[in-house]
Amino acid sequence: MSEEHTKPPVTTTDAGIPAPSDEYSLSVGPNGPLLLQDHYLIQKMAQFNRERVPERVVHAKGSGAFGYFEVTHDASQWTKAAFLNSVGKRTPVLVRFSTVAGEQGYPDTVRDPRGFAIKFYTEEGNYDLVGNNTPIFFVRDPSKFQDFIHSQKRAPDTGLRSNNMQWDFWSLSPEALHQVTFLMSDRGTPRTWRHMNGYGSHTFLWVNAEGKRVWIKYHFKTEQGIQNFTDAEARAMTAEDPDYHRRDLYQAIQRKDYPAWRLEVQIMPFEDAATYRFNPFDLTKVWPHGDYPPITIGRLVLDRNPENFFAEIEQAAFEPANMVPGIGPSPDKMLLGRMFSYPDTHRYRIGTNYLQLPVNQPRAEVHSYNKDGAMRYAHSGNQPVYAPNSYGGPQAAPERYSDPGWLVEAGEIMRTAYTPHKEDNDFIQAGNLYRHVLSPTDRDHLVSNLVAHMSDGVEQVIQERAVNLWRQVDANLGERLAQGLGQKSKAAAPATAG
Ligand code: HEM
């Protein structure tokens with residue numbers, strides 16, 4: 001190798017001008033003063049002061065990796081989405097994992113849902129599936145999301161997180177209990193991101209080439225197997241290594257132990273939705289597998305670490321509104337709310353042209369009439385800037401790419417809950433999770449985790465209100481919690497419709 005190749009490049013300013021020194025500022029004599037004309041020093045200081053962008057308002061702490069999604073079962077009978085249409089087809093992906101409530105430096109192993117956000121760089125544009133490691137969520141109306149998050153973050157007076165706020169909100173929001181059961185079980189403290197499942201959580205619409213529609217749910221099942229920390233192990237790890245999950249993923253990929261997930265989908269015939277026993281669009285509910293058995297259609301593999309954390313992970317922008325032809329939203333009000341929220345927060349957090357950053361840029365060509373804005377660098381030359389035009393600008397193809405949708409019966413404009421389906425209430429599925437899915441050890445841990453959490457600064461009146469809800473989830477669970485919290489036992493209250 002010649003000497004030329006072994007020498008590092010010369011440092012430059014950000015304008016590419018060779019820098020005069022890596023260590024000394026420009027001064028009058030060796031002992032100063034410093035000069036305003038030291039443009040390089042000023043550039044270093046000014047750029048440094050602007051290194052941080054606002055952290056994500058939720059899901060601030062996380063990390064991710066690149067990889068691919070491979071089709072193992074042709075899905076074209078249900079969707080015309082090109083990236084799903086032939087066995088063996090691979091689509092590049094970025095996945096970002098996160099915790100919800102803490103800030104950038106928060107420990108990875110706290111009890112919290114984990115984000116599981118996937119960006120598929122498909123030939124028909126980016127498809128973002130922005131889910132969690134839980135198939136359900138705490139609330140079912142986007143109007144409650146901000147209040148829910150406020151209750152999980154820091155109190156206005158102390159600046160501390162508060163179990164009292166959390167239980168106040170949950171005990172006044174019975175629809176949260178299904179997700180709280182999940183969260184307070186050991187699944188609330190996954191051992192690593194590799195050892196947990198990911199879920200699209202919402203119901204989505206799939207449309208095939210003939211225009212036939214089905215409702216679908218996505219489940220990414222870990223091939224590493226589910227592994228969780230107990231509450232004590234998770235707490236210990238917060239002190240031992242606050243970046244444990246970030247480090248684990250990076251190191252696994254570095255040693256070529258590539259984590260993988262099997263994509264299973266549940267498919268509901270379009271017509272079933274109206275009469276299904278649960279509202280299939282209610283994000284606090286699952287579709288029991290006996291009703292709609294999972295079908296494996298693909299495999300997600302992560303095999304490449306980011307080269308630069310800030311550029312590729314911190315600036316990654318996922319948005320549930322990014323759906324490719326053949327995939328659409330469902331009447332899930334949470335999903336519809338999220339379709340506005342994410343692009344709005346990206347414009348604030350990263351900037352108007354966030355979609356031009358390499359990590360967010362689609363692999364498909366962009367031909368749009370949007371223009372200009374801060375930091376725009378990709379452009380369409382002198383392409384016409386309006387449609388319709390006579391000079392060869394892009395033209396939409398509504399006959400090929402119509403919006404997937406469903407019939408909405410006209411009704412009064414109102415603010416109200418979903419119309420309940422015949423088995424809908426807020427407790428039935430949480431009770432089934434407790435009784436039929438959790439093992440006896442899982443149930444014991446759930447009880448001890450709940451007692452510990454509710455004993456930590458939660459006012460008695462809120463504890464009692466919460467226990468009354470748990471009794472409706474399961475009488476035995478409620479009784480065990482009442483005893484654990486030192487409350488007097490009472491007969492189980494009847495379940496009420498939610
Ligand atoms: C109306 C309900 C919701 C609203 C308004 C909302 C809003 C937000 C916002 C503003 C962010 C920050 C995005 C950023 O700065 O990049 C975010 C991140 C995120 N949300 Fe939501 N969210 C909602 C519900 C949900 C649900 C139900 C899930 C999962 C099923 C979810 C999963 C995520 C994930 C995984 C991220 C992190 C994405 C990343 O890694 O960059 N959110 N959400």
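Any read-out appearing in this document is the output of simple, stated calculations on the displayed coordinates, not a laboratory observation. Because the structure is a prediction, the values reported are computed rather than measured. Counting neighbours? That spans all protein chains shown, and the Cβs are built from the backbone with ideal geometry, glycine included.
Brief remarks follow.
- Across region 118-131, the qualifying residues are those that are farther than 9 Å from residue 200 by Cα and within 11 Å of the ligand (Cβ to nearest atom), and the one among them that is nearest to the chain's Cα centre (by Cα) is 118.
- Candidates are the residues of region 187-220 that are of a type in the set (Lys, Arg) and farther than 30 Å from residue 403 by Cα; the one that is farthest from the ligand (Cβ to nearest atom) is 191.
- Comparison of 238, 230, 222 shows that the only residue that is within 19 Å of the chain's Cα centre (by Cα) and among the β-branched types (Val, Ile, Thr) is 222.
- Residue selected from region 313-346 under the condition of a type in the set (A, V, I, L, M), assigned to a loop (DSSP other than H, G, I, E, B) and under 14 Å from the mean Cα position of the chain (by Cα), by the criterion farthest from the ligand (Cβ to nearest atom): 321
- Given (1) over 30 Å from residue 105 (Cβ atoms); (2) out of contact with any Asp or Glu (no Cβ under 6 Å at 6 or more places or on another chain); (3) assigned to a loop (DSSP other than H, G, I, E, B), index of the condition residue 40 fails: (3)
Okay, residues lined up against (1) in a loop (DSSP other than H, G, I, E, B); (2) closer than 28 Å to residue 178 by Cβ:
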residue	(1), (2)
64	no, yes
70	no, no
76	yes, no
88	yes, no
93	no, no
104	yes, no
128	no, yes
135	yes, yes
143	no, yes
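- Hits in region 132-166 (condition: over 15 Å from residue 341 (Cβ atoms), of a type outside the set (S, T, N, Q) and within 12 Å of the ligand (Cβ to nearest atom)): 135, 136, 138, 140
- Counting only helices (runs of 4 or more DSSP H) that sit wholly inside region 430-492, those with at least 1 residues that are within 21 Å of residue 139 (Cβ to Cβ) and in contact with a Gly (Cβ under 7 Å, 6 or more places away or on another chain) are 460-473.
- Looking only at residues in region 347-377 that are part of a helix (DSSP H, G or I) and closer than 22 Å to residue 92 by Cα, the one that is farthest from the ligand (Cβ to nearest atom) is 356.
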